[in-house]
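Accompanying notes for the structure given below.
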Amino acid sequence: MKLGTADRAEGLGTGENDFSFGADVYKTIGGTTLFAALGYTIFGDPPGFPLNNGFYWSLGASWKLPPRETLGLSLDGRQAIAPGSGDQRELVGYWTRALESAWKVQAYFLVGFADGSPDWGGGLTFARPF
């Protein structure tokens with residue numbers, strides 16, 4: 001559930017609540033994990049901006065590398081959200097390393113294969129559970 005707390009007047013969000021329902025499955029075989037997800041999102045109804053509800057999915061694998069690294073690859077998709085926009089389909093590759101102090105660093109790169117996806121993208125994140 002995404003609560004619509006963003007200010008619509010400031011352009012920070014729709015101001016509406018969205019709900020997603022889905023299932024994830026995975027199977028680990030040695031150092032390899034295969035995973036898949038399928039879900040459906042029901043979007044709120046902001047005035048003057050119709051949104052389409054739709055399915056999303058993901059298929060992928062990750063590989064554990066000693067001592068603290070993981071490589072992964074996933075193919076992700078989503079039905080078009082806005083009228084006149086395209087479906088999304090992206091191939092995402094990532095590398096994650098667990099750092100000494102419970103922090104993790106992750107780098108990722110993506111390539112889009114559909115009109116509703118970016119041509120390419122990438123990023124770097126740092127995360128720490130609490």
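Per residue, how much accessible area does the chain show when a 1.4 Å probe rolls over the protein heavy atoms, in square angstrom?
Here the per-residue accessible area is 68 Å².
In whole percent, how big is the carbon plus sulfur part of the accessible area of the chain, probe 1.4 Å, protein atoms only?
62
Considering only A82, N17, Y40, whose Cα is most displaced toward the positive end of the charge dipole of the chain, charges sitting on Cβ of Lys, Arg (+1) and Asp, Glu (-1)?
Checked the options; the winner is Y40.
Along the range 85-93, what does the Karplus equation 6.51 cos²θ - 1.76 cosθ + 1.60 (θ = phi - 60°) give for ³J(HN,Hα), rounded to whole Hz, x for Gly and Pro?
Couplings: 8, x, 5, 10, 8, 9, 9, 10, x Hz.
Return the Cα extents of the chain along principal axes one, two and three, sorted largest first, each rounded to a whole Å.
That works out to 52, 29, 28 Å along the principal axes.
With charges only on Cβ, +1 for K and R and -1 for D and E, what is the dipole size of the chain about its Cα centre, in debye, rounded to 20?
Result for the chain is approximately 600 debye, rounded to the nearest 20.
Net charge around W120, counting only other residues with Cβ within less than 15 Å of its Cβ (Lys, Arg = +1; Asp, Glu = -1)?
My count for the surroundings of W120 gives -3.
Given a 10 angstrom Cα cut-off, can you work out which residue in L12, L59, L75 is the most mobile in a GNM of the chain?
Comparing L12, L59, L75 in a Gaussian network model of the chain, the most mobile one is L12.
Lys and Arg at +1, Asp and Glu at -1: add these up for the other residues within a Cβ distance under 13 Å of T14 and post the number.
My count for the surroundings of T14 gives -3.
Going by Cα centres, the range 66-82 and the range 98-130 are how many Å apart?
Using only Cα atoms to place each centre, the spacing works out to 9 Å.
The values are calculated or read from the model by the stated rules, or taken from the named source; none is laboratory data. Every value quoted in this text rests on a predicted model; they were computed, and no experiment measured them. Positions of Cβ are generated from backbone atoms using ideal geometry, with glycine treated the same way; all protein chains shown enter the neighbour counts. In case anyone asks, the SASA skips ligands and DNA or RNA and just uses the protein heavy atoms, side chains included. Shrake-Rupley method; radii C 1.70, N 1.55, O 1.52, S 1.80 Å.
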